[in-house]
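Read-outs throughout are calculated quantities, based only on the coordinates presented, and are distinct from any laboratory measurement. Quick caveat, the model's predicted, so the values are computed rather than measured. All Cβ positions, even for glycine, are placed from backbone atoms using ideal geometry, and neighbour counts span all protein chains on display.
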């Protein structure tokens, strides 16, 4: 289903959860091409479910369409998403291995799924932190399109690092494993979209 040998819990812990790190990494070529295309086809066959995201999100501005599929999500939709749930089931095994190494407070299984479509020439989303309700790990699977992805030390894009974000890549962002890590949520952004971009984000809500 995906390149499990690229998912190294020891390396992920070192790069994500050390407080001196920015808290974001990319695993290139994580999704095999055939499975990526299966996911993409499934999403496009359900394109009627997309709705426009609010222009303002906390302290950020954004331009994309989205829908939610996870059990913990509000306004969750239903559809024929067999490949998507296969992805989550298989990925949960990797998250379980990581949860032991990273000492997650819970098992680390994703229960929030967001599918996003950034149209060509959209501004993406400006620097922001994801909401504090998310815990342990955020996983972003890039399926199609081109747009730069950055992790920064502040909203002015200081110490900005661009992560690989091409189709088949997996971007990982840390989220708090316990209350003491609440401020360790990384500031990140999606830059101007040069080609219509589809992505799927797995999160965990406690």
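The table for this structure:
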read-out	value
Any hit, segment 90-101, residues being farther than 15 Å from residue 7 by Cβ and surrounded by fewer than 19 Cβ atoms within 10 Å (Cβ to Cβ)	no
Residues that are more than 17 Å from the chain's Cα centre (by Cα) and in a strand (DSSP E or B), drawn from segment 61-97	61, 76
Complete set of residues in segment 167-187 that are farther than 19 Å from residue 13 by Cβ and in contact with a strand residue (DSSP E or B) (Cβ under 6 Å, 6 or more places away or on another chain)	167, 169, 187
Long-range neighbours under 7 Å by Cβ, at least six apart or interchain, first residue without any contact (Cβ under 8 Å) to a residue 24 or more places away in the chain within segment 75-89, second part of a loop (DSSP other than H, G, I, E, B)	76/69; 76/70
Condition check for residue 130: surrounded by fewer than 21 Cβ atoms within 10 Å (Cβ to Cβ) and assigned to a loop (DSSP other than H, G, I, E, B)	yes
Residue match in segment 8-23 (condition: surrounded by fewer than 13 Cβ atoms within 10 Å (Cβ to Cβ), part of a loop (DSSP other than H, G, I, E, B) and in contact with a helix residue (DSSP H, G or I) (Cβ under 7 Å, 6 or more places away or on another chain))	yes
Strands (runs of 3 or more DSSP E) (entirely within segment 147-206) containing at least 2 residues that are surrounded by 19 or more Cβ atoms within 10 Å (Cβ to Cβ)	149-152, 170-174, 187-190, 195-203
Count of segment 24-55 residues which are assigned to a loop (DSSP other than H, G, I, E, B) and either farther than 23 Å from residue 188 by Cβ or in contact (Cβ under 8 Å) with a residue 12 or more places away in the chain (or both)	8
Looking only at segment 112-122, and only at residues there that are under 24 Å from residue 157 (Cα atoms) and surrounded by 18 or more Cβ atoms within 10 Å (Cβ to Cβ), the one that is nearest to the chain's Cα centre (by Cα)	116
